[in-house]
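Here's the structure, in structure tokens; my notes come after.
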Amino acid sequence: MRSQNHKITGSLDHKNIISVEQFDKKDIKNIFQTADEMRKLVEKSGGDESLKGKIMTALFYEPSSRTFGSFITAMQRLGGGIIPIHGVGSTSVKKGESLEDTIRTFGCYSEIIVLRHPNEDSVHKAAKVSYVPIINAGNGGEEHPTQTLLDLYTIYRKFNRLNNLKGVLAGDPLHSRTIKSLLKALALYSNNKVRILSPTNLRISRKLYTDLTNKGLKISEIDGEKDISNDADFWYWNRIQKERLAEGSKSGSKFVVTTKLLEKYGNDKMIIMNPLPRIDEIAPEVDSDPRSVYLKNQMQNGLYIRMALLKLILT
Ligand code: NCD
């Protein structure tokens, strides 16, 4: 049995990526260095053959555009092959096969499995039985570690630091795996301060709140735009996770980034982020704002980070 949630401590070699909590600051810096190399490689020649002969299974039980697309192209740009499973409706899962047996199966045909699944325990179950490394591409509302690495990389490339940051994270922190993973990662660095903007019923769990504040992350939970303050380095908006709301429950008020909101509470040096998909939480008028990175840089960084991860795990 492969060990499941090991600390990275210097080497990603054939390790699972399950949670951002596996990484320390040095590991993250190493990944950024390789991501820089990947960016230069893609710009220069589109890719290379460093993963020739290796196959990646992308096993997605939930919808995805960016995570699926960027992992697929990351593998192909490094000369590797793919088993792309986008929706399990035409696999034996449809006949009732368990997640565990499905994971064992694709471990016989590929060197790595990228898994997205609606259940939080899925990736833990998968890692327990897998013959090959598993990358968590989103397990229910719990975590999305590779998204966080690309989010951190985006912030780092703008500000050249991951400490002493002020951020506003908004939307549905209770169910948003991208917000939760990013908060955990921000807690690794010193003196980060976040305001989490959401209706009160969508706040993060008290357990996560306590864990994060114990680690030194300064959190203030706000439920109105007037408390945003205008000194943030980044705004990170994520949609209400409708598919994860308890049946019959309401999401409460919604916070929408508009030009007006930016005029009131923004500043010149900040960036505006969103893991996407954007539904209606950022008005289209904001797309052309030079501070908006969600429709280009942030997504491109996802490719470089995922190329870096595949290379560091498989070679
Ligand atoms: C996110 C996800 O799947 O959690 N998307 C992504 O991977 N970029 C965000 C979302 O669905 O809201």
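Here are some notes:
- Counted residues, the stretch 5-21 - those being surrounded by fewer than 18 Cβ atoms within 10 Å (Cβ to Cβ) and on the phi < 0 side of the Ramachandran plot: 6
- Of all residues in the stretch 293-305 being open to solvent by less than 20 Å² (accessible area, probe 1.4 Å) and assigned to a loop (DSSP other than H, G, I, E, B), the one that is farthest from the ligand (Cβ to nearest atom): 293
- Within the stretch 306-315, the residues that satisfy the criterion of being in a helix (DSSP H, G or I) and away from the ligand (no atom under 12 Å from the Cβ) are 307, 308, 309, 310, 311, 312, 313, 314.
Residue-by-condition table, conditions (1) open to solvent by 50 Å² or more (accessible area, probe 1.4 Å); (2) in contact with a Gly (Cβ under 9 Å, 6 or more places away or on another chain); (3) in a helix (DSSP H, G or I); (4) within 16 Å of the ligand (Cβ to nearest atom):
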| site | (1), (2), (3), (4) |
| --- | --- |
| 226 | yes, no, yes, no |
| 254 | yes, yes, no, yes |
| 261 | no, no, yes, no |
| 267 | no, no, no, no |
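- If the condition is being over 14 Å from residue 308 (Cα atoms), assigned to a helix (DSSP H, G or I) and touching a residue at least 24 places away in the same chain (Cβ under 8 Å), then the stretch 23-54 contributes only 25.
- You will find that of 290, 275, the residue that is within 13 Å of the ligand (Cβ to nearest atom) and either open to solvent by 70 Å² or more (accessible area, probe 1.4 Å) or at pLDDT 95 or above (or both) is 275 and no other.
- Under the condition of being away from the ligand (no atom under 16 Å from the Cβ) and either over 22 Å from the mean Cα position of the chain (by Cα) or charged (D, E, K, R) (or both), the residues counted in the stretch 228-252 number 11.
- Scanning the stretch 82-140 for residues being under 16 Å from residue 62 (Cβ atoms) and of a type in the set (Asp, Glu) gives a total of 2.
- Filtered by the rule that a residue be surrounded by fewer than 17 Cβ atoms within 10 Å (Cβ to Cβ) and within 16 Å of the ligand (Cβ to nearest atom), the stretch 28-65 gives 63, 65.
So that you can scan it fast, the table gives a plain yes or no per residue for (1) within 16 Å of the ligand (Cβ to nearest atom); (2) in contact with a Pro (Cβ under 9 Å, 6 or more places away or on another chain); (3) open to solvent by 30 Å² or more (accessible area, probe 1.4 Å):
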position: 98; (1), (2), (3): no, no, yes
position: 101; (1), (2), (3): no, no, yes
position: 113; (1), (2), (3): no, yes, no
position: 117; (1), (2), (3): yes, no, no
position: 145; (1), (2), (3): yes, no, no
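- Residue match in the stretch 181-194 (condition: open to solvent by less than 10 Å² (accessible area, probe 1.4 Å), within 12 Å of the ligand (Cβ to nearest atom) and at pLDDT 95 or above): yes
The values are calculated or read from the model by the stated rules, or taken from the named source; none is laboratory data. Small disclaimer: the values here were computed from a predicted structure and weren't measured. Backbone-built Cβ (ideal geometry, glycine too); neighbour counts: all protein chains shown. The area values use the complete protein model at the heavy-atom level, side chains included, leaving out ligands, DNA and RNA. Shrake-Rupley method; radii C 1.70, N 1.55, O 1.52, S 1.80 Å.
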